[in-house]
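Following: one structure in structure tokens, then a few remarks.
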Amino acid sequence: MLPDSNIHTPGIPFIELLTVDSTNNYAMAQLQSGEVQHGTAWFAHSQTAGKGQRGRQWHAQPGQNITMSAALHINGLAVSEQFYLSAAIALAAHDLFSRYAISESCVKWPNDIYWNDRKAGGILIENIIRGNNWQWAVAGTGININQSAFGDNAGRAVSLKQITGKNFEVIALAKELRGYEIERYNQLLGDKESILNDYNKMLYKKDKNVRLRKENIVFEAVVKEVLADGRLRVEGAAWEYFNFGEVEWVI
């Protein structure tokens, strides 16, 4: 039996949408057009054009997974500190997934949720920044819950149902995720370095040898840590630091 998923977020709107192109698009439109309460979440039962990192689409079977965006009012964080928020939201998704998957869950740089070598979820954060003032962030999260077939991604994607053999109440888990997001955001405001430390503890392939691709060159390196500016640090390669987008994992 699940705990009360609203225990951490009393009175903060959780809005269910039957069908939407993208919860991030919907949330951004709400922020631009009217007042939105910090922590408000929009959950879509069906997304027709879900968005992932680097312009990729996020495909999810209707009603089977978490497809949700939450609005976060940014208070006291500089524009240069965006990776701290990315890490906090990734940790929140990991908090949820690892609670039910029990073991082998981790955060793959920059902010995917992995179980063993298979992708369980992803995050896309979009911001409203005016001048040097970072005003709002929309944290979009997709997590595979009850989906059991992934077509061309079979073997690379994984869901909680595949791991545990159980079906889950998707809405209850989405509300629980929103609670973790607010908890991690509050932790971020109080102690940014603790967020980064927690993130690196959960880092995929930490201290292990991996294969990476930079342009057309595939090479091996040992994953060491992710820095506050979001760069990945490795050892044993011709390059030591990478910005997001500079390298791809070869898994």
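Odds and ends about this structure:
- Here Lys161 clears all of (1) under 23 Å from Ser103 (Cβ atoms); (2) in contact (Cβ under 8 Å) with a residue 24 or more places away in the chain; (3) assigned to a helix (DSSP H, G or I) except the condition numbered (2).
- Glu126 being assigned by TED's automatic domain parsing to the domain that holds Leu77, modelled with pLDDT of 95 or more and surrounded by fewer than 21 Cβ atoms within 10 Å (Cβ to Cβ): yes
- Pair list, Cβ under 6 Å, 6 or more apart: region 203-227 residue under 23 Å from Ser98 (Cα atoms), other residue outside any strand (DSSP E or B): Val223/Lys205; Val223/Lys206; Glu225/Asn200; Val226/Trp109
- Test: residue in region 136-154 that is farther than 23 Å from His45 by Cβ and touching a helix residue (DSSP H, G or I) at 6+ places or on another chain (Cβ under 7 Å): yes
- Residues located in region 212-233, provided they are surrounded by 14 or more Cβ atoms within 10 Å (Cβ to Cβ) and out of contact with any Lys or Arg (no Cβ under 6 Å at 6 or more places or on another chain): Leu212, Lys214, Phe219, Ala221, Val222, Val226, Ala228, Gly230, Arg231, Leu232
- Test: residue in region 62-81 that is hydrophobic (A, V, I, L, M, F, W, C), crowded, with 20+ Cβ neighbours inside 10 Å and within 10 Å of the chain's Cα centre (by Cα): no
- Residues that are more than 12 Å from Gly142 (Cα to Cα), at pLDDT 90 or above and among the hydroxyl-bearing types (Ser, Thr, Tyr), drawn from region 40-61: Thr40
The values are calculated or read from the model by the stated rules, or taken from the named source; none is laboratory data. Keep in mind that what you see is a predicted model, and the values were worked out from it rather than measured. Counting neighbours? That spans all protein chains shown, and the Cβs are built from the backbone with ideal geometry, glycine included.
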